[in-house]
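Student: To start, I am sharing the structure in question, which I have written as structure tokens.
What follows draws every value from the coordinates through simple rules; no lab data is involved. Given the structure is predicted, the values throughout are model-derived calculations rather than measurements. Counting neighbours? That spans all protein chains shown, and the Cβs are built from the backbone with ideal geometry, glycine included.
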Amino acid sequence: MSNDQPTPGQPPEDDDPFLKKPQEPSPPSEGQPYGSAPPPPPPPPNDPYGSGGGFGAPDPLAGMPPLAEPGKRILARLIDFLIISIPLYLISLPWGGAVDVNGDGDDGFGDAVASGYSGHQLLWSIIGLVVYVAYDTYFTHKDGRTLGKRLLKLRVAMLNDGRVPDTGAALMRAVVLWAPALLCCPCLWWLINIVLMFTDKPYRQGLQDKAAKTVVVVAR
């Protein structure tokens, strides 16, 4: 009788929809003793993390779904932004609004930039940062999909094994994504990340993905 029974209360690994499929072992080559491990393949030349699984490990994307298209990632991020920013702005209206729209515009662009983060604006930027980071961290750790990614059938996965990011990785990814965008350089930050989605090889990682060692893939 087989004793390979799952531990009570612990789901079997096959129930994890984000776990990569194991690779079938190759038959031994001629002259190689049966049962001995074949020599490890060399890592891909463009692998920024040494194949993510240690020396001689296969490509981290082997067995994972295809990488997400950049256009869908941008649209999913826009949906997430609107889901949070519209209610947040409406909540801020009784306190003067999160964005100052009362200036007459006569002081020029330089003065507008200099006064862009008054105490009022900085307060709402910090509140917004907390909300955005909490939103991204919760949904990314829950199943790898924010509401925007769920609508576009995308998900975030750990690069090394395809699992749903743990709390630490999800938090790191959210902070790196939103802190610069909301507190210092939004236009430049989004431009850098959009360019990386199209040009980064081989994993199309934004800066937040590089920090958390994640990738965005198609959700099956």
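Student: Would you pull out the residues with amide H under 5 Å of L154's amide H, same chain only if 5 or more places away, H placed 1.01 Å from N?
Tutor: Long-range HN contacts for L154: A219.
Student: Given R₀ = 22 Å, what would the calculated FRET efficiency be for L151 paired with S85, taking r from the Cβ atoms and rounding to 0.05?
Tutor: After rounding, the FRET efficiency stands at 0.85.
Student: Could I have the simple spin-label model distance between E69 and Q121, label points 7 Å from Cα toward Cβ, reported in nm to one decimal?
Tutor: 3.7 nm
Student: Turning to a different aspect of this structure: Could you check the simple spin-label distance between R163 and L207, using points 7 Å along Cα→Cβ, in nm with one decimal?
Tutor: Modelled inter-label distance: 2.9 nm.
Student: Something else now. Can you give the net charge of the other residues whose Cβ lies under 10 Å from the Cβ of R173, counting K and R as +1 and D and E as -1?
Tutor: 0
Student: From the phi of every residue in the stretch 68-79, what ³J(HN,Hα) in whole Hz does the Karplus formula 6.51 cos²θ - 1.76 cosθ + 1.60 yield, where θ is phi - 60° and glycine or proline is x?
Tutor: Computed from phi, the couplings for the stretch 68-79 are 5, 5, x, x, 5, 5, 5, 5, 4, 5, 5, 4 Hz.
Student: According to the square roots a ≥ b ≥ c of the eigenvalues of the Cα gyration tensor, what is the shape class of the stretch 164-220, taking rounded for a/c under 1.5, prolate for a/b larger than b/c otherwise, and oblate for the remainder?
Tutor: Cα axes put the stretch 164-220 in the oblate bin.
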